[in-house]
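First comes the structure, then the notes that go with it.
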Amino acid sequence: MLLKLPSLLFLLHLLLLLKLVASSPTEGVNFTINGFSRANLTLDGIATVSSNGLLILTNNTIEQKGHAFHPSPLCFRCNLSDGSIPSFSTTFAFAIAPQLADLGGNGFAFVITHSTDFSNAQQAQFLGLFNPGNNGNATNHVVAIELDTILNPEFQDIDDNHVGIDINGLQSQAARTAGYYADNTGEFRNLTLISGKAMQVWVDYNGIDSMLNVTLSPINKIGTPTTKPTKPLMSFTVNLSAVLLDLPVHVGFSAATGSMTSSHYVLGWSFAMGVGHVQAPPLDYSKLPAIPRANLKRHRSRTLGLWLAVASLVFVLLVTVVAFTEVRRRKKYAELREDWEVEFGPHRFSYRDLFRATNGFSERELLGVGGFGRVYRGTLPNSGAEVAVKRVSHESRQGMRQFVAEIVSMGRLRHRNIVQLLGYCRRKGELLLVYDFIPSGSLDKYLHYGRDHKPALGWSQRFRIVKGVAAGLLYLHEEWEQVVVHRDIKASNVLLDGEMNAKLGDFGLAKLYDHGIDPHTTHVVGTMGYLAPELVRSGRASTATDVFAFGVFVLEVACGRRPVEELAVGPQGEQLMLVDWVIENWREGSILDTVDSGLGGEYAREEAEMVLKLGLMCSHPHPEARPGMRLVVQYLEGRAPLPELSPDYLYFRNLSLAYNEGFDDFVISYPSSVPSASTFSGGK
C-alpha cells in the first residue's frame, strides 16, 4: 500500500493540471455545431437541449431566463502584442415561436461577456443580462447582439421588431428594423422575428478597423443552403478592446420571458477567431433540427380571446386616460366667468390661447418682473400677433365687475404714444392683461442698465421721448372721453418701439373716473421718487399727481439719474433727491451741469435748459403750481414760451422734507395754469 501512494499522488496532480488547462482561456477557437445533441455547452436557467438537438433557451413559462455558453473562455487579446482584439466571426440559425400568434414575449441575444454569472439579472425586457441597478454600467464588460421583439421606451427602442448592438446595457448603440438587403435588387425586405420561421444571423468583427457588421437572412427551408446577403443589415465602429479589456470572455446566448412568452430556439452555431479577415464556418443545413410547430397551432383559438380581453382592457384604460386628461385639461385652462362678463366678450382672451402663446408662461418668455406682476412675451396662436401678457393680483378695491369694465374701457384708448391694451382674462386668484408687444423694451434699460450693451440715447432721441410721453399723457387727461389717471409714470413704464418712439404703458394701476368727478381712492400706489407729496399725504391720485411724476421723469431722462439715489460719500443711507440736486445747481448757475454726462456735451443747450426747468415746474410740491399737460405740450413744441422763473421761486427746500412735513407753511398765488412771477416763500 505504501508503494502505491506516490502513484496516487501523481495521478491527482495530473488530473488537477488537466483541469487547469481545460479552464484556461483558449487562444484559438473554431467550432461548428449543427444541432446540439452532442454539444458541450454550459447551460443555466430553463435552457435545455431537446432530443433532436434543438437548443431551447426559453419555453412558454413566464418570468424566466435561460443561458447557453461555450464551455471554455476565449482569450481575445492574448495573441496580439498590442493588446487589441483579433477578428472574429460567428453565425447561428434561430427561430422565435411565440405562445400566441403575432403576440410575442421578449427577445434574446448573442453575448460576449467576461462572466457567465447572471444570477442577479432580471427577466423580461432585461433579457436575462442586466438589472435596473447595473444596466449601462461600464464595468459590465458585455457586448450583445439583441433580437428584440418588444418595444421598450425606457431603452429608447426603435420598434418591436429590431436588431440592436448593445454595449454594457440595453440601450442599443445601433439598431435597425429586422430584415435584409436582397442581393439581386438591393431593396430592403422586412423579416418578422416572431414568425416562428428559421432565420440566420452573422456577426463579423474586424479587429483591424474595429468594424462590427451584423447581417440577417431568412433560411429558405431546413436542409436547403442559405446565402449570406452581401450588404450587412448594419455596421458599427466600436473598439471592443476598450470594452472587454484583457479579461477572458465567454460567448453564448441569453433569453428571457416576461408576462408574455416565446420559445427561443437555436438550431446551429459556428464561430471562428483569428487575425485579419475571418469567416465563420458554414452551417450544414441538412443536419439542423426541425422547429416544433405545435406552439403556433395549439393556441390560435386562445389568441382571439386574449386579443378581445386586451382590447377591452385597452378600451377601459383609454376611456380612463381620456377622462383624466379632460379633467386635467379643464383644470389647467380653468377660467372664472360670470354672467355680467357677456357684454365684455370680444375683449376677453381664453386662458388656453394665452398659455400657448407664452409657451406655458415659460421663463424664457419672461420680459420683466414688477411689484404688481410678471410680464411675458407671447405669440397668439390664431393671428400670430405678438403680445405682452401681464399676470397681476385678482383682487381690486373697486370690485371685480367695475375693474373689468374699466379695463375694457381702457382698451378703447387709441394713441400713437399709448401702449394698446387688447383685453383681459380672469382666473382664480389672478387677472391677466394683454397688451401690444413693444420690441425695444423699456426706457430705463437704456438710461440705467444698458450702456454696456445698448446704444446710448442721444439728446434728440431723449427730447422726442419726452414729447411723446407728454402727448400720451395729454390724451389720457384731456382728449379721451374719460379722464384716465395713470398713477405710475416712470421710465420703466415707458416702452420704445422699433423706431425708438415712446409709448406709455402699464395701466394695471390706472384709475378711471368721469370728467368732473373727483377720484375717491385713498390707496397709495406708485413708485417712490415719482409720488407727489399730496399723494403721499392723502392717498388721492389726480391729474396733478401724474404731472408731478412726469416732471420727475423729465429730469430723469435729461440727467440720466434716478429720482432717488444713495450717495456714494457721506453718512450711510443718505439719499440724493434728483429734484433737489437740479435746483441747487440752478441756484449756483450751473443747471446744465446736471445734463447726462454720457451725452459728451452733445446736446442743444437752450432746449436742455428748457426741459430741465419744465421738469422742475411739473414737480413743484404744490399741485396748483404745476402746469396742465396741454400747456406742457405747448412748451415742448415751442408754441408757448416757458415763463421766466428764478430758482428761488421753484426752490422748495428739499423734496424729502415736503414728503415728511406737509405744506401748511407754503403760501402761493397761482390763479391760472401759467405760473406767475410772485415769490414762493415759507418753509421750515
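The values are calculated or read from the model by the stated rules, or taken from the named source; none is laboratory data. All figures in this text were calculated on a predicted structure; none of them were measured in a lab. Every residue, glycine as well, gets a Cβ built from its backbone with ideal geometry; the counts of neighbours run over all protein chains shown.
Looking only at residues of the range 587-605 that are under 16 Å from GLN461 (Cβ atoms) and part of a helix (DSSP H, G or I), we find that the one that is nearest to the chain's Cα centre (by Cα) is GLY598. Reported count of residues in the range 89-139, each being part of a loop (DSSP other than H, G, I, E, B), on the phi > 0 side of the Ramachandran plot and either not acidic (Asp, Glu) or not assigned by TED's automatic domain parsing to the domain that holds ASN59 (or both), is 3. Which condition does LEU433 not pass, out of (1) crowded, with 17+ Cβ neighbours inside 10 Å; (2) at pLDDT 90 or above; (3) not in a helix (DSSP H, G or I), if it passes all the others? Answer for LEU433: the failing condition is (2).
Looking only at residues in the range 207-218 that are crowded, with 20+ Cβ neighbours inside 10 Å and at pLDDT 90 or above, the one that is nearest to PHE88 (Cα to Cα) is LEU212.
The condition of being of a type in the set (Asp, Glu) and either part of a strand (DSSP E or B) or at pLDDT 90 or above (or both) holds for ASP204. Within the range 226-241, at least one residue is closer than 23 Å to ALA39 by Cβ, part of a loop (DSSP other than H, G, I, E, B) and either touching a Phe, Trp or Tyr at 6+ places or on another chain (Cβ under 6 Å) or not charged (D, E, K, R) (or both).
Whether any residue in the range 188-204 is more than 18 Å from PHE76 (Cβ to Cβ), of a type in the set (A, V, I, L, M), loosely packed, with under 15 Cβ neighbours inside 10 Å and in contact (Cβ under 8 Å) with a residue 12 or more places away in the chain is what I want to check.
Of the residues in the range 188-204, the ones more than 18 Å from PHE76 (Cβ to Cβ) are 188-202.
Now narrow it down to the ones that are of a type in the set (A, V, I, L, M): 191, 193-194, 198-199, 201.
Those still in the list that are loosely packed, with under 15 Cβ neighbours inside 10 Å too: none.
The answer is no, given that none of the residues of the range 188-204 is more than 18 Å from PHE76 (Cβ to Cβ), of a type in the set (A, V, I, L, M), loosely packed, with under 15 Cβ neighbours inside 10 Å and in contact (Cβ under 8 Å) with a residue 12 or more places away in the chain.
Could you check, for the range 244-255, whether at least one of its residues is of a type in the set (Phe, Trp, Tyr), surrounded by fewer than 23 Cβ atoms within 10 Å (Cβ to Cβ) and either in the same structural domain as GLY66 (by TED's automatic domain parsing) or within 21 Å of LEU127 (Cα to Cα) (or both)? There is no residue in the range 244-255 that is of a type in the set (Phe, Trp, Tyr), surrounded by fewer than 23 Cβ atoms within 10 Å (Cβ to Cβ) and either in the same structural domain as GLY66 (by TED's automatic domain parsing) or within 21 Å of LEU127 (Cα to Cα) (or both).
If the condition is being within 21 Å of THR261 (Cβ to Cβ) and crowded, with 18+ Cβ neighbours inside 10 Å, then the range 140-162 contributes ALA144, GLU146, LEU147, ASP148, THR149, ILE150, PHE155, ASP157, ASN161, HIS162.
Inside the range 219-250, residues that are under 44 Å from the mean Cα position of the chain (by Cα) and either closer than 15 Å to PHE94 by Cβ or among the acidic types (Asp, Glu) (or both) make up a count of 2.
Residue-level check: of (1) in contact with a Leu (Cβ under 9 Å, 6 or more places away or on another chain); (2) modelled with pLDDT of 90 or more; (3) hydroxyl-bearing (Ser, Thr, Tyr), SER89 misses just (1).
Confirm whether ASP204 is touching a Leu at 6+ places or on another chain (Cβ under 8 Å) and within 23 Å of PHE236 (Cα to Cα). Break it down stepwise before answering.
Values: touching a Leu at 6+ places or on another chain (Cβ under 8 Å): yes; within 23 Å of PHE236 (Cα to Cα): yes.
It is true that ASP204 is touching a Leu at 6+ places or on another chain (Cβ under 8 Å) and within 23 Å of PHE236 (Cα to Cα).
Yes/no per residue for (1) at pLDDT below 85; (2) touching a Gly at 6+ places or on another chain (Cβ under 8 Å):
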residue: PHE236; (1), (2): no, no
residue: HIS264; (1), (2): no, yes
residue: GLY268; (1), (2): no, yes
residue: ALA280; (1), (2): no, no
residue: LEU296; (1), (2): yes, yes
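Filter the range 256-275 down to residues that are under 43 Å from the mean Cα position of the chain (by Cα) and not in a strand (DSSP E or B) and give me whichever is surrounded by the most Cβ atoms within 10 Å (Cβ to Cβ). Checked the range 256-275; the qualifying residue surrounded by the most Cβ atoms within 10 Å (Cβ to Cβ) is THR257. Within the range 350-370, residues that are closer than 18 Å to SER492 by Cα reach partners that are assigned to a loop (DSSP other than H, G, I, E, B) and among the small types (Gly, Ala, Ser) with beta carbons closer than 9 Å, at six or more positions or on different chains, in the pairs LEU367/GLY441; GLY368/GLY441; GLY370/GLY508.
Take TYR513 and decide whether it is closer than 27 Å to ARG374 by Cβ and at pLDDT below 95.
So TYR513 fails the test.
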